[in-house]
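Readers should treat all values here as calculations from the given coordinates under stated rules, not as data from a laboratory. Since the model is a prediction, treat every value here as computed from it, not as a measurement. For neighbour counting, all protein chains shown are included, and Cβ atoms are generated from backbone atoms with ideal geometry for every residue, glycine included.
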Amino acid sequence: MRPPNALHYVETGNPRGPILLFLHGITGSRRYWQKKVRPLESDHRIIIPDLLGFGLSPKPHLEYTIEVFRDSVRGFVEEFDLVARPLTIVGHSLGGLIALEYAARYGSHVRRMILLSLPRFSDPATAHALFWRGSPHYRRLLNEHSLGETMSQLKRSGLEITLRYLLRFPWTVLVDSHKFTFKSLTSTLEHCLLNYQVDRILPSVPPVPTLLIHGEQDSVAPLDHVRPIPELYAHMRLRTVRGTGHHLFLTHTRLCLDLFREFLNEGTQEQGTQSPVRVSQPEPNAD
């Protein structure tokens, strides 16, 4: 029997291949990655969980802090006996923050990391301003898929937090209530994005090769905020993608997969500090 709050997941690919653990962002689920990473299946064992509070994973009524996400991923890794296995973590947005927190605490078996659209804010006020004024598409995503379980938790969550978050953007809720709840959504926003500074954890992350991939038009997690990171941490490099924003993996899937392969096929020797490289694709693919 699986433990309480065990994460829902899908697994595919080569069972003998190197392990890729994919972590989605807020409002996402395993479906963010599942179909689009199929070209990697022949060479890698691919594991994609739904984060706690999202997708088909349990949705306990608790504060969704970065430590809660980190330790739920650790429990998942322990459950599947991956603690002694070399692990590459691929994370989008919130998933990238969780990957860094995991590596800082449990990094002895983390081999590499690929972090897409990493949010980096200097203070909560900046995060709030950029987030709410950012991509309309992203704000729309925050309203989707939570009606059923939202209604069951409004009494416990209270009117104040309802007004604080929901009335800031249009009410365009779609009925797909299994994805996340009002509590998991707003608590994650509060603790892991709006009031979280990644610079607090970066010095504690082991110097494993890390690839940052970022859209030049990202209005949710602005590119300028992550540009200095490779200058501060020699094991990290940055690839920027022209003509796309926060969900660059969805708009430029083939390009991202090419960058994944290039990075994963490199030797294990750590690279020195490298200048950011700008890559582009004339038209977003339709994958």
Report task. Starting with the fewest neighbours, write out Arg30, Arg45, Arg16 ranked by other beta-carbon atoms found within 10 Å of each beta-carbon. Result -> Arg16, Arg45, Arg30
Query raised in the report: Which distance in Å, rounded to a whole number, links the C-alpha centroids of region 211-272 and region 58-105?
Result: 21
Query raised in the report: So what's region 43-130 giving for Rg/Rh, alpha carbon basis, Kirkwood Rh from the mean inverse pair distance?
Result: 0.98
**Report entry** Hydrodynamic radius by Kirkwood, which averages 1/r over all alpha carbon pairs of region 75-116, in angstrom
**Finding:** 10.3
Query - Least to most buried among Glu262, Glu67 (fewest other Cβ within 10 Å first) - result: Glu262, Glu67
